[in-house]
1. Give me the pairs, please: first residue somewhere in the range 113-131 and touching a residue at least 40 places away in the same chain (Cβ under 8 Å), second residue anywhere and small (G, A, S) and surrounded by 10 or more Cβ atoms within 10 Å (Cβ to Cβ), beta-carbon distance under 6 Å, and either six or more positions apart or on two chains.
2. Run down G46, G34, G28, G16 and say which single residue is under 17 Å from L75 (Cα atoms), surrounded by 13 or more Cβ atoms within 10 Å (Cβ to Cβ) and among the small types (G, A, S).
3. For the range 37-47, indicate whether the set of residues that are within 20 Å of V110 (Cβ to Cβ) and not charged (D, E, K, R) is non-empty.
4. Search the range 50-71 for residues that are surrounded by 15 or more Cβ atoms within 10 Å (Cβ to Cβ) and pair each with any residue that is among the acidic types (D, E) and assigned to a loop (DSSP other than H, G, I, E, B) when their beta-carbon atoms are under 6 Å apart and the residues are at least 6 apart or on different chains.
5. Within the range 78-93, is there a residue that is closer than 22 Å to E29 by Cα, modelled with pLDDT of 95 or more, of a type in the set (A, V, I, L, M) and part of a helix (DSSP H, G or I)?
6. Which one is farthest from K2 (Cα to Cα) among residues in the range 77-131 that are of a type in the set (V, I, T) and more than 8 Å from the ligand (Cβ to nearest atom)?
7. Could you list, in sequence order, all residues of the range 5-55 that are within 19 Å of V91 (Cα to Cα), in a helix (DSSP H, G or I) and either more than 9 Å from the ligand (Cβ to nearest atom) or charged (D, E, K, R) (or both)?
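The values are calculated or read from the model by the stated rules, or taken from the named source; none is laboratory data. Fair warning: this is a prediction, and the values are worked out from it, not measured in the lab. Using ideal geometry, Cβ is built from the backbone for each residue, glycine included, and neighbour counts are taken over all protein chains shown.
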Amino acid sequence: MKTVITFGTFDLFHIGHVNILRRAATFGERLVVGVSSDELNYAKKGFNPLFSLDDRMAIVASLRFVDEVFVERTLEDKRDYVQAHHADVLVMGDDWAGRFDELSDVCDVVYLPRTPDISSADVRRRLAYPL
Ligand code: C2G
């Protein structure tokens, strides 16, 4: 049985998140998702998520193709997360292309194309400046 792992903040959960998680799940039989802590999101993006970590985790965990969620606290511990969850495949969106290639000694590393024209940051901008 292959386990797939992926990571993200998943704030303002949208169709791009659904698409990557659904496609990630097809690479194995079990999908585990690391959801970024507020602190990690701030470090990555310079702002806090609008939805709490508990809510973001509950939303991701509610998907039928997600088997388990956990908190991703740092980008640096990815190797430990992969090994702790016995992941065979790491899937990320291609905005991260190349960034996790050094893990290819412990798992397959796959980058999938992002869904165009949607992101949490874009939704925030559209809400701030409605047309
Ligand atoms: N995504 C996508 N299409 C979009 C938006 C996002 O495929 N239109 C993907 C991203 O590529 C990522 C996942 O959805 O794989 C989660 O996106 P974010 O919540 O923006 O998370 P991110 O900041 O990329 O976190 O360890 C790595 C990070 O924690 C990834």
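1. R114/G93; T115/G16; I118/G16
2. On the way: G46 fails: surrounded by 13 or more Cβ atoms within 10 Å (Cβ to Cβ); G28 fails: under 17 Å from L75 (Cα atoms); G16 fails: under 17 Å from L75 (Cα atoms).
The conditions single out G34.
3. Within the range 37-47, the first condition is being within 20 Å of V110 (Cβ to Cβ), and the residues that meet it are none.
Within the range 37-47, none of the residues are within 20 Å of V110 (Cβ to Cβ) and not charged (D, E, K, R).
4. If the second residue must be among the acidic types (D, E) and assigned to a loop (DSSP other than H, G, I, E, B), the pairs left are F51/D11.
5. Pass one, the range 78-93, residues closer than 22 Å to E29 by Cα: 78-93.
Okay, now just the ones that are also modelled with pLDDT of 95 or more, so 78-93.
In the following step, the residues that additionally are of a type in the set (A, V, I, L, M) were identified as 82, 84, 87, 89-92.
Restricting the remaining residues to those that are part of a helix (DSSP H, G or I) gives 82, 84.
Yes: the range 78-93 contains one or more residues that are closer than 22 Å to E29 by Cα, modelled with pLDDT of 95 or more, of a type in the set (A, V, I, L, M) and part of a helix (DSSP H, G or I).
6. As a first pass, look at the range 77-131 and keep what is of a type in the set (V, I, T): 82, 89, 91, 106, 109-110, 115, 118, 123.
Checking the rest, the ones that are also more than 8 Å from the ligand (Cβ to nearest atom) come to 82, 89, 106, 109-110, 123.
Values: V82: 12, V89: 8, V106: 13, V109: 13, V110: 14, V123: 34 Å.
If we take residues in the range 77-131 being of a type in the set (V, I, T) and more than 8 Å from the ligand (Cβ to nearest atom), then V123 is farthest from K2 (Cα to Cα).
7. Correct list: V18, R22, R23, A25, K44.
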